[in-house]
Each structure stands twice: as C-alpha cells, then as structure tokens.
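A.B. asks: Submitted below is the structure of interest, expressed as structure tokens.
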Amino acid sequence: MRKFLLPLLIAQALAVNAFAEGREQNNEVYSISEVEDLAPAPTSNATITSYQWTKDVHSSRKASKGTASIISPLMVPHTGPTTIPRTSAINVMSTVNTTPIFWGSSWTNSTFASDKIVGLTVWYNNLHSSPYISAVSEYTTLNHLFIMSKIDTSATNVNSSNSGNVLAEVCKVVGTANLNANGYYPVYTDVARGTANYCAYHSAGTCGGKLVQFAFFFSLDNDPGCDPVSPYAPPAGSAVAQKPGLVAGVSSAYQQSQGLAALANVSAHELMETVTDPAYFPPTGGGYWGGWYDLTGAENGDKCAWTFGPSNTRLSAGTVLIGGFDWKLQGEWSNKAQNGTGGYPTQGGLLKGCVTGS
Amino acid sequence: MCKKSIHNYLFTITLLLSAPAMSQDIVLAPPGLSAQTVTRDVAEYTSREQDLMASVKAEENGQYTLLADEFEVWSGQGSDWQSKSEWLQIIKQQRNFTIRNLSVRLLDDFAVVSFLLETVQGRHNKRSAQFIVDLWRKSTNKLTVRYVSDLTPSTLSFLSRQDRKI
C-alpha cells in the first residue's frame, strides 16, 4: 500500500505546487509589464502619480509660478488586451444592484452601529433620484438599485481587509447561487484603519465562475484621516460623535453620526469608480481594469478625492441631497468639465474637472 | 502499515485532491485589481511632493519655498550628505517622474513621508527608481531632510507586487 501511496502523494504535492506557481507566474508578468510601462492599470491607483515635463510648458512657466504638467489629465476608456474577446467596447456598468454587507460582531452593538445601517440604506436606496448620479452620465447611463442589506455578525480580524477574505465573505453571505450579474457588494466592517494608508477600496473576483464587484470599508469612527469634516455630523473624536441619529430636514444640525458621514463619502468614491471602471475577468483567465482611468491609472473618484465642490442650493461645499438628507460627498472627475465649464478644482488646484452632479 | 496509518494517508490524499478544487471556486482578485481610497494625509502629501518637484523644475526664480534652508539629502552612497544645490542639479535633469506607494506618518511637528520615485532623465532616457523618505516640518510646510535608497529593477518589481496585495 505504502508503495503506491508515496508516489501518489508526491505527485499530488507537485500538482498543487504547479498550480500555485502558475498563479504566481501570471502575477509576475502582470506586475513587470506595469512597471515597465510607467502608465499602469489602476493599482491602488491614487498612490501612483506620473508627470512629464514638456519643453514648451516648462519654458513658458519658467519665469512664472512653477507647476507640473501632466501628460494628459483626461480619463480614457480601456478595452483590455485586444487578444481577448470582449462583450462591449468599453467596460462600464449601466445597471448596478447594490447589496451592502455589514460584517463584524460590533454590528450588534447599538453604540457602534448607531445610525450607520439605516443611514447607508437610505443613501443607497435614494441615490438613483439624486443629482449625484449624473456625475457619471458622460460615461454611462446609470440605473442604480438598492437590493437589501445583509448583516453578518461573525467576528472580523486583522486580516479582514485582505481582498481575498472580503471576496470570500461576500460569497459566503450572499451565496454563490444568488450572486447578481450586475451586483455590487460594499462590505462595511468594524475593523479600525489603524495605520493603513487607505480608507476603503474596490476590487473584484469570481465565485463559482460568477463575477463579483465588491468594496471594503474600514470602520471610520473617530478617524480624522478619512473624515470629510461634514457640517452635518459632529467632528471626529468629539464627545458627541456617536450620539445623534439620522434626523430628516435638519441640515444645519448633527443629523448623522460622524462614522456614517465618513462612510457615505467614501461609499460615493468606491461606487462611482466601480461603475466607470469595473474589473473584467475574461474566460481565458486573468483580470483587468477595463473602463475609464487616466494615464497614471487614476479613476474618477481618485482624481477628486478629498475635494468638495460648491453647492448652489445647500449650506456647505460638497453637499448633496439624498433621500431628504444632506450629505457631504467628494466630487467625481468629469472630462467634459475639465474641457469646458462647470467643474471645480482638484487637490492642488491645477485642474478643474471635478463635479458633484447637478 | 496499520489501519490507522492507511486512514491518515487517505485523509491526506483527499485533502490534497480537494485543495485545487477549493481554490478554483473562489478566485481572488489578481494583484493590481484593488483600487484604494487613500487617506487625507496621503492625498495632501502626494500633492505636496508634486508641488515640490514642480517648483524645482520651474526654478521659482531661485527661491524654493518648499525646501528648508537646512535641507539636505542622505543616501547609502558615501558617508557625506548631498547639499541642496547638488540635489537641485540632479532633479533638473529629470524628464519625468512617477510617485507610487506613498505613505504618511505624523509624528509631532513632522510628517514622515515615504514613497517610490521612478524617474527618467538625461538624453538617453535613463530610468531609475528610488525609495524616498522625506521629513516635512508641519509648522513651516518645508522639507527638511530626504533619505534616498536606490532600487534595483527586481526590487522595484517586488515592491510593486506587494503594493497590489491589499
């Protein structure tokens, strides 16, 4: 018996190794090509910024104020590798069915949960009728639908921000058979950001061969690094941060908790990026960003992160009325606004292509 | 071989056989397919590093408002620091640059900013990559010291891969 078993075990081990090596090799090719291109697909993309000095711009600005010249600030559509058959020329989402998932044992704690689940439900459920949706109208005609929230009170841990673990959580909670082809699954956790350099991210994968667009969110309670400083919520770290609940029609008061206000802002960022630049997984393997991003890899949310546009009708910059409540939301990049009018400046003030919808 | 040992072997085989199947059911996003919303600090200092490079390139009539008077650059090459004027000459030869993986730690009056800097310079488009650590004094908004480590292409490739594994 042992005579047969040992070779079989060795063969199995080799097979598993080969599988692992194949994945690693693919990853390496992908990475190297990105490094060499210096114009990569978006990969944690707000952290990648490329500039090129052009002779004419450099010389013309020599005597005046020095500013960097971006090769082109505009986002361009990407169709992925040409050798892979595509179902459409540009990969954007026109229908989005959102199922928020609240993951972590703290969601049973009323102090932690506060108004976040109700507030984000209101936010997603009414987004379609808000002006903010028009911030992506030049890329797609978006039909956004809130499906239902799901709460999983199983414990999170320090590895819960790992994209593989988030994907597994979505597949577990929703169930592979129930995954929606147009689904978007934002996962809100009770994990504090700590020293991570990001507040949230969006990503994708497949479960049982079904495409899953998802996003991950840290708990942003009392986190000034991810706080939009909304006038409709208490300041991060203040004693009343978790006290107020959602209060309709009181736009000048603390109508929402600080944690909810912060999550709503980054939720806008991730949703709008997923809509305009969802991940694409061809049947032949691999994965690609197939939508709109600029030459540095920045998507529409990245280009306007932590900037808040003027509001003609509401009290404060970045204010968007959704579901009868005021929310302070970052703008989204618009090529049209950059080339024309109606936009407000990006961080640093060099460009003017940010919009919050109208 | 005793019955228990055979049972253990069979159990092991079953596990090994099922491992690839389990892996293929849930396919992780490939490295690179996660796009982050960076923190306010990261956004702010990314913008500031760009402004710094821009001001050096544009020369600002010789006034570099983002550089502290005592600014100096340290690297692993030699034991001496690089003066401001020596560093400025090098920067002015750069034709383009890319900043990646920028992170920020705030410590009292200083912001410790680290990032990968890829540059193209000279007539022959020489590409290079460095890991930079900058110390910005928050109260003055000026860069006081920069620490530089040259990266080999393989190291850069490795770090870029790590960056994509969230």
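A.B. asks: Would you mind stating whether residue A:161 is loosely packed, with under 14 Cβ neighbours inside 10 Å and small (Gly, Ala, Ser)?
C.D. replies: So residue A:161 fails the test.
A.B. asks: Can I ask one more? Suppose we filter segment A:333-342 for residues that are modelled with pLDDT of 90 or more and either more than 21 Å from the chain's Cα centre (by Cα) or closer than 18 Å to residue A:229 by Cα (or both); how many remain?
C.D. replies: Residues meeting the conditions: 5.
A.B. asks: Within segment A:139-156, which residues are assigned to a loop (DSSP other than H, G, I, E, B) and surrounded by 15 or more Cβ atoms within 10 Å (Cβ to Cβ)?
C.D. replies: Scanning segment A:139-156 gives A:139, A:140, A:142, A:147, A:149, A:156.
A.B. asks: Next question. Let me confirm something: among B:156, B:67, B:52, which residue is under 25 Å from residue A:296 (Cα atoms), modelled with pLDDT of 85 or more and buried (at least 18 other Cβ atoms within 10 Å of the Cβ)?
C.D. replies: Criteria check complete, one pass: B:52.
A.B. asks: Another question, if that's okay. Please list, ordered by first then second residue, the pairs with beta carbon atoms under 6 Å, 6 or more apart or interchain, first in segment A:201-229 and touching a residue at least 60 places away in the same chain (Cβ under 8 Å) and farther than 19 Å from residue B:34 by Cα, second small (Gly, Ala, Ser) and crowded, with 21+ Cβ neighbours inside 10 Å.
C.D. replies: Close Cβ pairs satisfying both conditions: A:221/A:259.
A.B. asks: Now, a different point. Counting only residues that are outside any strand (DSSP E or B) and not charged (D, E, K, R), which one in segment B:33-49 is modelled with the lowest pLDDT?
C.D. replies: Step by step, filter segment B:33-49, then rank; the result is B:33.
A.B. asks: May I pose another question? Are any of the residues in segment A:171-181 under 22 Å from residue A:146 (Cβ atoms) and in a strand (DSSP E or B)?
C.D. replies: no
A.B. asks: Find all pairs meeting these conditions: Cβ atoms under 8 angstrom apart; at least six residues apart or on different chains; first residue within segment B:110-132 and more than 10 Å from chain A (Cβ to nearest Cβ) and under 14 Å from residue B:75 (Cβ atoms); second residue surrounded by fewer than 17 Cβ atoms within 10 Å (Cβ to Cβ) and acidic (Asp, Glu).
C.D. replies: That search, which allows pairs on different chains as well, returns B:128/B:150; B:130/B:150.
A.B. asks: Of the residues in segment A:182-231, how many are more than 7 Å from chain B (Cβ to nearest Cβ), assigned to a helix (DSSP H, G or I) and surrounded by 24 or more Cβ atoms within 10 Å (Cβ to Cβ)?
C.D. replies: Of the residues in that region, 0 qualify.
A.B. asks: Condition first: at pLDDT below 90, out of contact with any strand residue (DSSP E or B) (no Cβ under 7 Å at 6 or more places or on another chain) and at negative phi. Now tell me which residues in segment B:97-125 satisfy that.
C.D. replies: B:123, B:124
A.B. asks: Ok, one more. Which residue out of B:74, B:87, B:136 is closer than 28 Å to residue A:193 by Cβ, surrounded by 14 or more Cβ atoms within 10 Å (Cβ to Cβ) and more than 11 Å from chain A (Cβ to nearest Cβ)?
C.D. replies: Checking each option against the conditions leaves just B:136.
The values are calculated or read from the model by the stated rules, or taken from the named source; none is laboratory data. Everything numeric here is computed off the predicted structure, so don't read it as measured data. Here the Cβ is made from the backbone with ideal geometry for all residues, glycine too, and neighbour counts use every protein chain on show.
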